[in-house]
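Here the structure is laid out as structure tokens; the discussion comes afterwards.
Only the coordinates and a few stated rules stand behind these numbers; no lab work does. Everything numeric in this text was worked out from a predicted model, so none of it was measured. Here the Cβ positions follow ideal geometry from the backbone for every residue, glycine too, while neighbour counts run over all protein chains shown.
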């Protein structure tokens, strides 16, 4: 499928256009299809700050993971890095983004929380990942599709085209059949994707000469526990949050200031 306006896959905008760009309409698409690309992007100056803050973390992680320590941790030339909750990553335009929260409150309820902050970066030479889910069904023995209980926010830190290892999505509930065609998540830096944690997807080959860093934040209903990547921050950063931010991050790992 060719990219649509702004380089975003056309299919990403078809349900949005049909439903209208309201929080309720976007939430309906997310609940039905398992994913939706939001109509607004993060400000470019914020994206630049996030990218400049993230790349040193990524470089340090890569340098520390020598081959005898496991090398890439998400497949060939593909790395996942936990993100610390400190400037610039604590910017409320990211974690408390009004459009994101308006949509998610319609899907997860008003008492949602943010319980994971990580990233995904395929380097040149990265290959296909196996098709997978980031979270298994709550009751795998029960053949029923439950309402969403956890949703991932993905944020492009660079422009993503077909050659730069885009995430590939398989819309709808259930495991895709063999030969199913995925939808690539393409877009300019700052593009925001919301996807159900149960959505089947995979990383694709990075045929470019540059890495493709992408942030990942998990928002969920208050009873759900993801188990890894809990946001970590010191006390001073936590106390500087808005009341909304402290509620979202109420189960974060807060360390003494220093």
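Look at region 116-149 and say how many of its residues are outside any loop (DSSP other than H, G, I, E, B) and in contact with a helix residue (DSSP H, G or I) (Cβ under 9 Å, 6 or more places away or on another chain). Explain how you work it out, then say what you get.
Keep residues of region 116-149 that are outside any loop (DSSP other than H, G, I, E, B), which gives 116-122, 132.
Cutting the leftovers down to in contact with a helix residue (DSSP H, G or I) (Cβ under 9 Å, 6 or more places away or on another chain) gives us 117, 119, 121.
Count: 3.
Among the residues of region 100-122, is any surrounded by fewer than 19 Cβ atoms within 10 Å (Cβ to Cβ), without any contact (Cβ under 8 Å) to a residue 40 or more places away in the chain, under 28 Å from residue 42 (Cα atoms) and over 17 Å from the mean Cα position of the chain (by Cα)?
So far as region 100-122 goes, yes, one or more of its residues are surrounded by fewer than 19 Cβ atoms within 10 Å (Cβ to Cβ), without any contact (Cβ under 8 Å) to a residue 40 or more places away in the chain, under 28 Å from residue 42 (Cα atoms) and over 17 Å from the mean Cα position of the chain (by Cα).
Just one of (1) farther than 25 Å from residue 94 by Cα; (2) surrounded by fewer than 16 Cβ atoms within 10 Å (Cβ to Cβ) trips up residue 205, so point out which.
All conditions are met except number (2).
Which ones in region 227-255 are without any contact (Cβ under 8 Å) to a residue 40 or more places away in the chain, more than 13 Å from residue 86 (Cα to Cα) and in a helix (DSSP H, G or I)?
243, 246
It is to be established whether one or more residues within region 59-68 are more than 14 Å from residue 219 (Cβ to Cβ), under 17 Å from the mean Cα position of the chain (by Cα) and either without any contact (Cβ under 8 Å) to a residue 60 or more places away in the chain or assigned to a strand (DSSP E or B) (or both).
First pass over region 59-68, keeping only residues more than 14 Å from residue 219 (Cβ to Cβ): 59-68.
If we keep only those that are under 17 Å from the mean Cα position of the chain (by Cα) as well, we get none.
No: region 59-68 contains no residue that is more than 14 Å from residue 219 (Cβ to Cβ), under 17 Å from the mean Cα position of the chain (by Cα) and either without any contact (Cβ under 8 Å) to a residue 60 or more places away in the chain or assigned to a strand (DSSP E or B) (or both).
Look at region 84-115 and say how many of its residues are outside any helix (DSSP H, G or I) and in contact with a strand residue (DSSP E or B) (Cβ under 8 Å, 6 or more places away or on another chain). Even if it seems obvious, please write down each step before you answer.
Of all residues in region 84-115, those outside any helix (DSSP H, G or I) come to 84-91, 96-97, 109-115.
Those left that are additionally in contact with a strand residue (DSSP E or B) (Cβ under 8 Å, 6 or more places away or on another chain): 84-86, 89-90, 97, 112-115.
Number satisfying all stated conditions: 10.
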